[in-house]
Amino acid sequence: MIPRPRALDRIIHAFSTHPIAALLGPRQCGKTTLARLIAEREPCSYFDLENPVDIRRLSAPMKTLEELSGLAIIDEIQRRPDLFELLRVLVDRPKNPVRFLILGSASPYLVKGVSESLAGRVGFIDLAGFDLGEVGAQQCNQLWLRGGFPPSFLAPDDSASMAWRDDFIRTFLERDIPQLGISIPAETLRRFWTMIAHYHGQVWNGAQLARSLGTSENTARRYLDILAGAYMIRVLPPWFENLRKRQVKAPKIYLRDSGLLHALLQMTTAPDLQSHPKLGASWEGFALEQVIGALGNRDAYFWATHGGAELDLLVRIADKHYGFEFKYADAPGASRSMHVAIEDLRLEHLWVVYPGQQEYSLDDKISVMPIDAVPILKLPSSK
């Protein structure tokens, strides 16, 4: 088993300030495994809402849950949104004796439901698949190719890994989406998802995608929101500065898991990836997810002007701005665009993340950083 200490620390931190911790992420990313590790550390009550026995145990939820103390874990809570109001009542009791760890396979409605019913009482922890800090630098290329879902990453070979990802995509479209109450033909959503894979790393153009899909722009945006809400796609918002420049106002779109990107684009092996036109975009998305995951930061953006200046990732921490560029190159150098970004965005520093081994400086505010160093990257006030 690959340890996930950072995720465990974030759960513990959430409980230090809230009576409820919500661990959210896609199916099969390791939420249940992590919860069972926590359950081994202390006595707890465990409810799996895909288990018929546990469903019956919660047929009268108030009676069952009000008698609990210590830690209670509720898995797949999106199946019982009626529990959110009940949890609020329970944790608001004087001398509340119980903490709740709720696990959800993220949906467009789950976070909204939790936020509205449990405002001020819940700490959120996003969980993706394995990251570079968990698998180790020597496994970087395998992580990039196969993605971070544990069954895909740990598969005995690349073909078995691809077979798992193909099955995951099919199950997600044919079972998971309908279970969320969303009625979209599986083949239609798969076509849209595959089109997004071809646009990976580009600015969202809803009109163009809608024309290609033969639907309306509003429908295309709905499909995007569904996949983003299910943690399949990252919609990276644009950042605006008060500049006398026309700035890009549409978000950038990435598939969050590089393995799913490669499955949709039919890249099974490392040679497939190296010869594919989306090689650079794949690297950009993979490295971007590693940085955001390492910093544990949701305040992330990209920036671009219509004059051609751009920044792949802008992170705001404690009102300070930090920049990242992602280059699949042997020895990346500084560009005019980087210097414009530093000046216009008042960056404290800009890092260029690349697949090499050497760390070096390009000037006082620009450093080139191997991706192996991302897991140990520390910024002020980052977790």
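The values are calculated or read from the model by the stated rules, or taken from the named source; none is laboratory data. For clarity, every value in this text was computed on a predicted model and none was experimentally measured. Every residue, glycine among them, receives a Cβ derived from its backbone with ideal geometry; neighbour counts consider all protein chains shown.
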Next on the checklist: Against the definition (in contact (Cβ under 8 Å) with a residue 24 or more places away in the chain and assigned to a helix (DSSP H, G or I)), how does residue 243 come out, yes or no?
Outcome noted: no
Checklist entry - Of all helices (runs of 4 or more DSSP H) completely enclosed by segment 90-157, which ones contain at least 2 residues that are over 15 Å from residue 29 (Cβ atoms) and hydroxyl-bearing (Ser, Thr, Tyr)? => result 110-117
Next on the checklist: Given the condition more than 23 Å from the chain's Cα centre (by Cα), surrounded by 20 or more Cβ atoms within 10 Å (Cβ to Cβ), among the small types (Gly, Ala, Ser) and farther than 26 Å from residue 227 by Cα, answer yes or no: does some residue in segment 63-72 qualify?
Outcome noted: yes
Checklist entry - What residue, among those in segment 16-31 that are within 23 Å of residue 92 (Cα to Cα) and in contact (Cβ under 8 Å) with a residue 12 or more places away in the chain, is nearest to the chain's Cα centre (by Cα)? => result 24
Next on the checklist: Please pick out the residue among 132, 173, 145, 118 that is on the phi < 0 side of the Ramachandran plot, modelled with pLDDT under 95 and buried (at least 18 other Cβ atoms within 10 Å of the Cβ).
Outcome noted: 118
Next on the checklist: Any residue that is within 25 Å of the chain's Cα centre (by Cα) and of a type in the set (A, V, I, L, M, F, W, C) - is there at least one of those in segment 48-60?
Outcome noted: yes
Checklist entry - How about segment 192-211: which of its residues are loosely packed, with under 15 Cβ neighbours inside 10 Å and without any contact (Cβ under 8 Å) to a residue 40 or more places away in the chain? => result 207, 208, 211
Next on the checklist: Checking the condition over 29 Å from residue 228 (Cα atoms), in a helix (DSSP H, G or I), touching a residue at least 24 places away in the same chain (Cβ under 8 Å) and aliphatic (A, V, I, L, M), which residue from 39, 35 passes?
Outcome noted: 39
Checklist entry - How many residues does segment 250-297 contain that are under 12 Å from the mean Cα position of the chain (by Cα) and either surrounded by 21 or more Cβ atoms within 10 Å (Cβ to Cβ) or without any contact (Cβ under 8 Å) to a residue 12 or more places away in the chain (or both)? => result 14
Next on the checklist: If the requirement is being small (Gly, Ala, Ser), in contact with a Cys (Cβ under 9 Å, 6 or more places away or on another chain) and farther than 16 Å from residue 371 by Cβ, which of these qualifies: 113, 123, 129?
Outcome noted: 129
Next on the checklist: Need the failing condition index for residue 13 against (1) closer than 27 Å to residue 130 by Cα; (2) without any contact (Cβ under 8 Å) to a residue 12 or more places away in the chain; (3) not hydrophobic (A, V, I, L, M, F, W, C), just the number.
Outcome noted: (2)
Checklist entry - Name the strands (runs of 3 or more DSSP E) wholly within segment 319-383 that hold at least 1 residues that are modelled with pLDDT under 95 and within 25 Å of the chain's Cα centre (by Cα)? => result 320-326
